[in-house]
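What follows is calculated from the coordinates using simple rules that are stated; it is not laboratory data. Small disclaimer: the values here were computed from a predicted structure and weren't measured. Positions of Cβ are backbone-derived with ideal geometry, glycine not excepted, and every protein chain shown enters the neighbour counts.
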Ligand code: ATR
């Protein structure tokens, strides 16, 4: 029996949890697969991907900074990837790579399926307008949020995301400096990469939160600490990091490759034991 090859590409990649997640999925489903982490600085990535395909690679995950570059290397893409112009999953097909973006579906599955939170009718604040924000914004609208207010350090990117969403009744861009006057939100999502920097603090108005507010950071581990520390200080009702989203988007990718969706709870539980800090859901 030949073992099919899969890999996550990124730079840096040493701390990626993906090999552990897919190993667990493979054991659980009895699907034989090899899954490795490949360090790929952006300039080297196209050649490394080509070599991986030539050596029999069947599927790929992408992480920073390769999601946009990988989008440009696909022969065919799904609608979510086309909106985000970024892919987190590649599947090898006869005529090249099929690219998809499972970040948004992963987020919704984690919040609604695992944390049992209802997103419908929530006034929502999205911090950030980069690749991660593009991956989740349309899915939030599909999930039935009441309004989506987008703020970004560089306002033009928030405007561009708002325009691309094409839902002027619900999606609006606002200036970060005007957050004080935006009222309160039932859902606040940090889709910025600010927490990955050194010594960053989120200095947001406490009045953004009300007694229902769910605060979500798409990051997990240390990168999620600054925003979730603010969310706790603002007494948000629920505080969730991106660990569950990570497992769910991986399960969606696994399903795209193998046609089987693995159970995510056992894998999430194991990862959570090592990342115990950040979820409080009542
Ligand atoms: P990703 O794929 O993680 O979304 P990205 O496309 O580079 O990465 O986007 C990073 C996001 O984090 C952007 O919204 C960026 O704001 P700018 O568009 O102004 O660059 C935001 N970001 C990064 N560092 C930040 C900081 N220190 N404060 C606020 N926003 C920050």
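Quick look at the values:
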| read-out | value |
| --- | --- |
| Over the chain: helical MRE at 222 nm, DSSP H runs n ≥ 4 each giving -39500 (n - 2.57), nearest 500 | -10000 deg cm²/dmol |
| Gain in span if fully extended, residue 164 to residue 233, counting 0.36 nm per residue against the direct Cα distance | 21.5 nm |
| Overall form of segment 104-243 per C-alpha gyration tensor (a/c, 1.5; a/b vs b/c) | rounded |
| Stokes-Einstein translational diffusion, segment 181-282 - Kirkwood Rh over all Cα pairs, 0.692 mPa s, 37 °C, in µm²/s | 224 µm²/s |
| Approximate spin-label separation residue 29-residue 200, in nm, with each point projected 7 Å along Cα-to-Cβ | 3.3 nm |
| 11 Å reach of a label modelled at residue 212, 7 Å along Cα-to-Cβ, counting backbone N of segment 99-137 | 118-124 |
| Rounded tilt (10° steps) of 155-165 against the dominant C-alpha axis of the chain | 70 degrees |
| Rg ratio (alpha-carbon, reference 2.2 N^0.38 Å) - segment 4-101 | 1.01 |
| C-alpha center-to-center spacing [segment 1-40, segment 49-65] in angstrom | 11 Å |
| Spherically averaged projected area of the chain from its Cα convex hull (nm²) | 14.4 nm² |
| Sequence of 66, 140, 48 once ranked by neighbouring C-beta atoms within 10 Å, starting from the fewest | 48, 140, 66 |
| Rh (Kirkwood; distinct C-alpha pairs) - segment 1-61, Å | 12.1 Å |
| Sites residue 20 and residue 177, calculated FRET efficiency, Cβ-Cβ separation with R0 41 Å, nearest 0.05 | 0.50 |
| Least to most buried among 75, 18 (fewest other Cβ within 10 Å first) | 75, 18 |
| Residues 116, 111, sorted so that the one with the fewest Cβ neighbours within 10 Å comes first | 116, 111 |
| Fully extended contour minus Cα-Cα distance, from residue 184 to residue 64, at 0.36 nm per residue | 40.0 nm |
| Rg(Cα)/(2.2 N^0.38 Å) for segment 205-254, N = residue count | 1.28 |
| Point-to-point label distance, residue 193-residue 54, nm (Cα→Cβ direction, 7 Å offset) | 2.9 nm |
| Nearest 10 degrees, 0 to 90: helix 45-54 Cα axis against the chain principal axis | 40 degrees |
| The chain: relative contact order as a whole-number percent, Cα under 8 Å and 6+ apart | 15 percent |
| For segment 209-276: relative contact order, % (alpha-carbon pairs under 8 angstrom, 6 or more apart) | 29 percent |
| Simple spin-label estimate for residue 73 and residue 115 in nanometres, 7 Å along Cα-Cβ | 3.3 nm |
| Tilt relative to the chain, helix 243-258 - C-alpha long axis, 0 to 90 degrees, to 10 | 40 degrees |
